[in-house]
Amino acid sequence: MTAGPGEPDATKEDHHTMSDALAGIRVLDAATVLAGPVSATILGDFGADVVKIEDPKVGDFTRSGGRSAAWLQEGRNKKSVALDLRTPEGQALLHRLVPHFDVVVTNFRPPTLERYRMLPEHLQPLNPRAVLLYLTGFGLTGPYRDRGAFDRIASAYSGLTYVTGEPERPPVRSGYSVIDYMSAYLAAFSVVAALRHRDLRSGSGQVIDLALYEAALRSSEDSVTAFGLDGQVRERLGNKNPAIVPASDFVTVDGRRVSLHAGTDSLFRRLAAVMNQPELAADSRFADRAARIRHQDELYPIIGSWVGRLTADEVVKLLSDADIPASPIMSVADLVNDPHCKDRGSIVTVPDAEFGEVPMVAPLPRLSATPGTVRWAGTTLGAHTDEVLGGLLGLSTSDLDSLREQGVV
């Protein structure tokens, strides 16, 4: 039988090789929007067999009613099972699935987990070897445990939004859902660590309790320690770094923006030479890092004036030739057409029966012996319901038809 639009070829989808680092690991993705499902996507990229539980009526949020761009990428390598967890019958089927999986991923708030019978005390007895990942907004404990959160809320709570933007303007959220994706990588790492502990030491699974805001908190550099030591509160500085000067963005003569980093003493000496102003490196205001931090308001206009007389390409070439880190500020259109991004394979194209060649971010990071692969893009809703529930649970065609009539699957 030929695969339909958005459905992987059944003769190929389960083909794993020794290069699949997580081949043989089964992941039950019972999560939605966005960090939880992406953590399962990352595991699937490296060979785990992922089954995605979706609402039978609307599917995962990222579908946007169909096979959206977000779903094509984040639903990749996943088998789709339509199962209504709001129903007792759906919850019972989920409980029957849990013993067949090494990992269960969810991100519902604790009250919803209680309602769906998915708290640790519900799932652990069903499969003591399973690693249970709970990636919730505020965690499973604490006074805010029942609150909901998305990337925007986690950014606000974690302090990331507070320090983002220009000092004289209100704070802004990052242009991408960086906390969702940071959380997803942190979660995927924690799953692999827990699996290693299970397989090499304890023989048992465990509960992973990760709050969405905690990934951003871990990326907050030394702000917590600095506040604890002397009460220092990091404020918004726009494109500048409070402890590294010069490091900022500058407008070029052709109206583009270039980002450069020459914050060490050796890099600054090179920058002064490239600017044909070597005397800057000997100037007492700029001769070392501490001095440059104190006098940055005098230094930045000098650099800005030099950059402003050149095109972006000229600036980047001059700086790069002098081993000074620099880059034009790129749009996604710039990036996908950039020769370096292409040469590294940072973006891959995935063949799809409905959309043809679909571009998406490649599985990352790049591993030399066990690289990640995209076996198929996000499938149609419920494409594997019969296969998974029939194959793993032994449900007959009549059983599935009855469940379908009830709206459970």
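The values are calculated or read from the model by the stated rules, or taken from the named source; none is laboratory data. These figures come from a predicted structure and were not determined experimentally. Here Cβ is always computed from backbone atoms with ideal geometry, including for glycine, and neighbour counts include all displayed protein chains. Quick note on the areas: whole protein, heavy atoms, side chains included, nothing else; ligands and nucleic acids left out. Shrake-Rupley method; radii C 1.70, N 1.55, O 1.52, S 1.80 Å.
Some observations on this one:
- Here GLU354 clears all of (1) open to solvent by 80 Å² or more (accessible area, probe 1.4 Å); (2) part of a loop (DSSP other than H, G, I, E, B); (3) closer than 22 Å to GLY47 by Cα except the condition numbered (3).
- Unmet requirement for PRO301, which otherwise passes all of (1) surrounded by 14 or more Cβ atoms within 10 Å (Cβ to Cβ); (2) without any contact (Cβ under 8 Å) to a residue 40 or more places away in the chain; (3) not small (Gly, Ala, Ser): (1)
- All of SER202, SER266 fail the test of being within 30 Å of GLY44 (Cβ to Cβ) and more than 29 Å from the chain's Cα centre (by Cα), apart from SER202.
- Within the range 57-82, being touching a Lys or Arg at 6+ places or on another chain (Cβ under 9 Å), over 20 Å from ASP386 (Cβ atoms) and not charged (D, E, K, R) holds for ALA70, TRP71.
- Every residue from the range 116-133 that is in a helix (DSSP H, G or I), touching a residue at least 12 places away in the same chain (Cβ under 8 Å) and open to solvent by 10 Å² or more (accessible area, probe 1.4 Å): TYR116, PRO120, HIS122, GLN124, LEU126
- The condition of being modelled with pLDDT of 95 or more, touching a helix residue (DSSP H, G or I) at 6+ places or on another chain (Cβ under 6 Å) and more than 22 Å from SER219 (Cβ to Cβ) holds for only one of ARG115, ARG96, ARG86, that being ARG96.
- One residue alone among ARG169, ARG152 is under 30 Å from GLN232 (Cβ atoms), touching a helix residue (DSSP H, G or I) at 6+ places or on another chain (Cβ under 9 Å) and exposed (fewer than 15 other Cβ atoms within 10 Å of the Cβ), and that residue is ARG152.
- Check on MET360, open to solvent by 40 Å² or more (accessible area, probe 1.4 Å) and not acidic (Asp, Glu): no
Residues are listed down the side, and each one gets a yes or a no for (1) open to solvent by 30 Å² or more (accessible area, probe 1.4 Å); (2) touching a residue at least 40 places away in the same chain (Cβ under 8 Å); (3) in contact with a strand residue (DSSP E or B) (Cβ under 8 Å, 6 or more places away or on another chain):
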| site | (1), (2), (3) |
| --- | --- |
| TRP306 | no, no, no |
| PRO325 | yes, yes, yes |
| PRO328 | no, yes, yes |
| ASP334 | yes, no, yes |
| ASP338 | yes, no, no |
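- Filtered residues of the range 346-360 (kept if hydrophobic (A, V, I, L, M, F, W, C) and within 11 Å of LEU72 (Cβ to Cβ)): VAL350, PHE355, VAL358, MET360
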